[in-house]
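Report on the structure given below.
The values are calculated or read from the model by the stated rules, or taken from the named source; none is laboratory data. Only a predicted model underlies this, so the values are computations on that prediction, with no experimental measurement involved. Backbone-built Cβ (ideal geometry, glycine too); neighbour counts: all protein chains shown.
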Amino acid sequence: MENCCRKTKARSDKEIRDLISRLNRIEGQIRGIKGMVERDAYCTDILTQVSAASAALNSFTKVLLANHIKTCVAQDIRDGKDETIDELVTTLQKLMK
């Protein structure tokens, strides 16, 4: 698989397990929502599950962002790479759309 990003990050086994676990739960929620649509579930019930999946994805984003700031951003700032701050601001602006 070709790397789509210009940078990579080494993650601890614990961080990888946590992120993958969260993504697996989100994936399961999405499959559940798909099944509800296929079974003609009531709209409000589907919307409730969509809200739960959205909250789970937001939680994943918060964990990943916090890890990014504590590791990548902090290290780059210590190394004098001020462009990382601009990158972080751009990322935050995208997340807040």
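List every residue pair whose Cβ atoms sit under 9 Å apart, with the two residues 6 or more apart in sequence or on different chains, where the first one lies in region 49-63 and is more than 22 Å from Thr91 (Cβ to Cβ) and the second, anywhere, is not in a helix (DSSP H, G or I).
Gln49/Ala41
Limited to region 1-20, what total is found for residues that are modelled with pLDDT of 80 or more and either in contact with a Ser or Thr (Cβ under 8 Å, 6 or more places away or on another chain) or loosely packed, with under 10 Cβ neighbours inside 10 Å (or both)?
From region 1-20, those modelled with pLDDT of 80 or more are 7-20; that's our starting set.
The next check asks that each one be either in contact with a Ser or Thr (Cβ under 8 Å, 6 or more places away or on another chain) or loosely packed, with under 10 Cβ neighbours inside 10 Å (or both); those that pass are 7-10, 13-14.
Residues meeting the conditions: 6.
Would you confirm whether any residue within region 81-89 is surrounded by 10 or more Cβ atoms within 10 Å (Cβ to Cβ), touching a helix residue (DSSP H, G or I) at 6+ places or on another chain (Cβ under 6 Å), in a helix (DSSP H, G or I) and of a type in the set (S, T, N, Q)?
Within region 81-89, one or more residues are surrounded by 10 or more Cβ atoms within 10 Å (Cβ to Cβ), touching a helix residue (DSSP H, G or I) at 6+ places or on another chain (Cβ under 6 Å), in a helix (DSSP H, G or I) and of a type in the set (S, T, N, Q).
So which residues in region 69-85 are over 20 Å from the mean Cα position of the chain (by Cα) and under 27 Å from Leu57 (Cβ atoms), if there are any at all?
Taking region 69-85 as the starting set, the residues that turn out to be over 20 Å from the mean Cα position of the chain (by Cα) are 75-83.
Result: Gln75, Asp76.
Can you tell me how many residues within region 28-46 are surrounded by fewer than 13 Cβ atoms within 10 Å (Cβ to Cβ) and assigned to a helix (DSSP H, G or I)? Don't jump to the end; show me each part of the working.
The initial filter retains those residues of region 28-46 that are surrounded by fewer than 13 Cβ atoms within 10 Å (Cβ to Cβ), namely 28, 31, 34-35, 37-40, 42-45.
Checking which are assigned to a helix (DSSP H, G or I) leaves us with 28, 31, 34-35, 37-38, 43-45.
Summing the residues that are surrounded by fewer than 13 Cβ atoms within 10 Å (Cβ to Cβ) and assigned to a helix (DSSP H, G or I) in region 28-46 gives 9.
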